[in-house]
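Derivation of every value follows stated rules applied to the coordinates shown; laboratory data play no part. Note that the structure is predicted; figures quoted are calculated from it, not measured. Reconstructed Cβ throughout: ideal geometry from the backbone, glycine too, with neighbour counts over all protein chains shown.
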Amino acid sequence: MPRSPYGFVLPLLLSLAIATPVAFNPADALAKAAQETVHKQAPKPTAKTAAKAAPQKAAASKTAAKPAAVRTVHKAAVHKSATHKATVRKATVHRTGKARRAGRVAAGAAAGTVAGAAVFRPVHAYVLMDAQSGRVLDSENADTLTYPASLTKMMTLLLTFEALERGTLRLDQELPVSRHATNQKPSRLNLAVGSTIRVEDAILALTVKSANDVAVVLAEALGGSEEQFAEMMTAKAQALGMTSTTFRNASGLPHKEQRTTARDMARLSRAVVSRPAREYAYFSRTRFDWNGAVVPGHNRLLGRVEGYDGIKTGFINLSGFNLAGSASRNGQRLVAVVLGGTTAAARDREVAELLEQGFGSAPPKQTVAVTDVKAVR
């Protein structure tokens, strides 16, 4: 039987198919199938879908903005509360004066930031004291350690007055000027080495000019050396109840160990104003004559506040602007001490306000035990 002409072709094609395997990866096939399924099932965005999604986005945006709104409401509540409290404080003379002083101190602290960097600010403290009883009528940071600056000279003068009282010094006595005295930094009277100065002129140089060179002259005359005199000053401070005060020099020039508090400076001020009138009167002088020239003073509240009659200013960078002031009205004498003022003018205003507050019969904020009545005399 004759063969088909295509009989030999079919076996040939079959053999070729078996010899060439088909490339097939099950994992790839499954992944491709799943991808196609998701693509087919995902609904195409329509106008209706977009409209439905818009409110959801707006709600999400509102939720994200909620913390800021809450903060705004909180700040408004805090501001409202602070305003209400300030209004209540203004109801009395005591609170009004304190609010004004606190505002100025806060403003000074805010101004202490330059280009984002914090600037050093001295301790701010004050004490308002009744000079007769020693009772503290108002205070802030009264026992915080700081630097006395030239308020130190009140102690130098107190020891000078006691020496005059004992007869170990005379007002017309000439005191020698050492090289150590002339080496002091300003403020100075610019004394010459080997010259002399009368005791009374020395007292005026401290009360009016706050001369550091003259403070050393008195210290060396009374203590033999400034170091010895500083020990005498500290011992006297302890006797007055100034338990937080240490003196290391007679002038108040910077010394890291020369520290005090507003309460201690008020006690020292009380001791000074309790001295005989002829001695305390030196603190009322606004100028004095020296070698043919008029030397002006620093205490600018003299003549500006009713009954104000002294006592001492002070400044170094570490302390800020200090002032111990005293005034007397209708038989009542008050002492106000401000430490750490941002400027001389701000310090003066604060002392004036404290005195006005005290004479306005503001209620006492706290009372302290009087431990130095005998020492004050």
>> Can you tally the lysine pairs in region 125-376 where the Cα-Cα distance is under 18 Å and the two residues are eight or more apart, or on different chains?
In response: 9
> Once phi is turned into ³J(HN,Hα) by the Karplus curve 6.51 cos²θ - 1.76 cosθ + 1.60 with θ = phi - 60°, what whole-Hz value does each residue of region 272-279 show in order, with x for glycine and proline?
Replying inline: 5, 5, 8, 5, x, 4, 5, 7
> Where the centroid of each part is defined by its Cα atoms, how far is region 269-317 from region 214-243 in Å?
Replying inline: 21
>> Can you order the peptides 194-205, 272-283 by their average number of other Cβ atoms within 10 Å per residue, highest first?
In response: 194-205, 272-283
> Sorted by average packing, counted as other Cβ atoms within 10 angstrom per residue and highest first, what order do 284-294, 140-150 take?
Replying inline: 140-150, 284-294
> What does the charge count near Pro254 come to, summing +1 for each Lys or Arg and -1 for each Asp or Glu among other residues with Cβ under 13 Å from its Cβ?
Replying inline: +3
> For region 280-305, list residues with backbone N below 17 Å from a point placed 7 Å from the Cα of Leu171 toward its Cβ?
Replying inline: 280-290
> Using θ = phi - 60° and the Karplus form 6.51 cos²θ - 1.76 cosθ + 1.60, what ³J(HN,Hα) does each residue of region 159-164 get, whole Hz, x for Gly and Pro?
Replying inline: 5, 5, 4, 5, 5, 5
> Roughly how big is region 125-376's charge dipole about its Cα centre, with Cβ charges of +1 (Lys, Arg) and -1 (Asp, Glu), in debye to the nearest 20?
Replying inline: 160
